[in-house]
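*Asks:* This is the structure, below, for whatever I ask next.
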Amino acid sequence: MKNTYKIALGGMITALSVLLMFLTGLFPMATYALPAIAGVLLISAVIEIGSGYAFMIYAAVSLLSIFIAPDKEAAVMYILILGYYPVVKKYIEKINKLVIEWILKLVLFNITVIAAWCIVMYVLQIPDDSMGMLGQYGPYILLALGNVTFIIYDIALTGLIGMYMQKIHPFLKKLFKIH
């Protein structure tokens with residue numbers, strides 16, 4: 001595969017991802033959705049040009065998001081949780097032992113969510129208003145809900161990857177005459 005194709009596709013994915021991160025300022029309710037969609041774009045990078053390029057795209061979008069994304073919480077979510085996960089998912093699922101894969105995925109998710117929460121609360125000093133209505137168990141309830149959401153996200157990613165491989169990948173191979 002030609003390097004120009006890899007660079008062009010990588011640049012387009014990077015630009016789209018940065019645009020999505022910029023849009024977090026226009027759609028404040030999309031603090032989690034837009035970084036998740038930006039992360040999903042890396043599926044095409046992993047499949048079409050490889051994990052190395054996908055990690056470079058993730059790094060570029062992460063760095064640019066720090067400066068460009070108006071919603072810094074969304075930038076943290078992309079950097080620590082949602083941005084790299086579609087790339088890492090590939091490696092975790094190579095283990096081929098479902099229970100171990102899910103344990104690793106959930107451990108990784110929980111570590112990164114706690115790290116993201118600490119950065120948002122203590123570094124960015126964004127107040128967490130939701131804890132008042134949930135009481136002292138608020139963090140645990142939100143973490144449990146986050147785990148359920150993550151499981152749904154992972155299953156949805158698997159479906160998107162399958163759909164991409166059936167519909168989009170053959171089209172791109174044919175269009176760009178890639179072998």
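The values are calculated or read from the model by the stated rules, or taken from the named source; none is laboratory data. This structure is a prediction, so every number in the text was calculated from the model and none was measured. Here the Cβ is made from the backbone with ideal geometry for all residues, glycine too, and neighbour counts use every protein chain on show.
*Asks:* Suppose we filter E48, E93, E73 for residues that are in contact (Cβ under 8 Å) with a residue 60 or more places away in the chain and acidic (D, E); which single one remains? Step through it out loud before you land on a result.
*Replies:* Values: E93 fails: in contact (Cβ under 8 Å) with a residue 60 or more places away in the chain; E73 fails: in contact (Cβ under 8 Å) with a residue 60 or more places away in the chain.
Step by step, each of E48, E93, E73 is checked, and only E48 is in contact (Cβ under 8 Å) with a residue 60 or more places away in the chain and acidic (D, E).
*Asks:* Now, a different point. What are the pairs with Cβ atoms under 8 angstrom where one residue, in the range 12-33, is touching a residue at least 24 places away in the same chain (Cβ under 8 Å) and more than 22 Å from F150 (Cβ to Cβ) and the other, located anywhere, is surrounded by 14 or more Cβ atoms within 10 Å (Cβ to Cβ) and of a type in the set (S, T, Y)? Sequence gap at least six, or different chains.
*Replies:* Once the first residue is touching a residue at least 24 places away in the same chain (Cβ under 8 Å) and more than 22 Å from F150 (Cβ to Cβ) and sits in the range 12-33, its partners that are surrounded by 14 or more Cβ atoms within 10 Å (Cβ to Cβ) and of a type in the set (S, T, Y) give I13/S44; V18/S65.
*Asks:* Would you mind stating whether L172 is within 23 Å of G50 (Cα to Cα), without any contact (Cβ under 8 Å) to a residue 24 or more places away in the chain and surrounded by 11 or more Cβ atoms within 10 Å (Cβ to Cβ)? Reasoning before the result, please.
*Replies:* Numbers: within 23 Å of G50 (Cα to Cα): yes; without any contact (Cβ under 8 Å) to a residue 24 or more places away in the chain: no; surrounded by 11 or more Cβ atoms within 10 Å (Cβ to Cβ): yes.
No; evaluated as a whole, the condition is false for this residue.
*Asks:* With V99, V123, V148 as the choices, which residue is surrounded by fewer than 14 Cβ atoms within 10 Å (Cβ to Cβ), out of contact with any Ser or Thr (no Cβ under 8 Å at 6 or more places or on another chain), within 24 Å of L34 (Cβ to Cβ) and modelled with pLDDT of 95 or more?
*Replies:* Details: V99 fails: within 24 Å of L34 (Cβ to Cβ); V123 fails: modelled with pLDDT of 95 or more.
Testing whether each residue is surrounded by fewer than 14 Cβ atoms within 10 Å (Cβ to Cβ), out of contact with any Ser or Thr (no Cβ under 8 Å at 6 or more places or on another chain), within 24 Å of L34 (Cβ to Cβ) and modelled with pLDDT of 95 or more leaves just V148.
*Asks:* Same structure, new question: Just for helices (runs of 4 or more DSSP H) wholly inside the range 1-119: which have at least 3 residues that are over 19 Å from M165 (Cβ atoms) and in contact with a helix residue (DSSP H, G or I) (Cβ under 6 Å, 6 or more places away or on another chain)? Steps first, answer last, please.
*Replies:* On the way: elements: 3-22, 33-40, 42-49, 51-68, 72-77, 85-92, 98-118.
By residue number, 3-22, 33-40, 51-68, 72-77, 98-118.
*Asks:* Restricting to the range 1-58, what's the tally of residues that are more than 30 Å from W117 (Cβ to Cβ), among the aromatic types (F, W, Y) and out of contact with any Asp or Glu (no Cβ under 9 Å at 6 or more places or on another chain)?
*Replies:* Residues meeting the conditions: 1.
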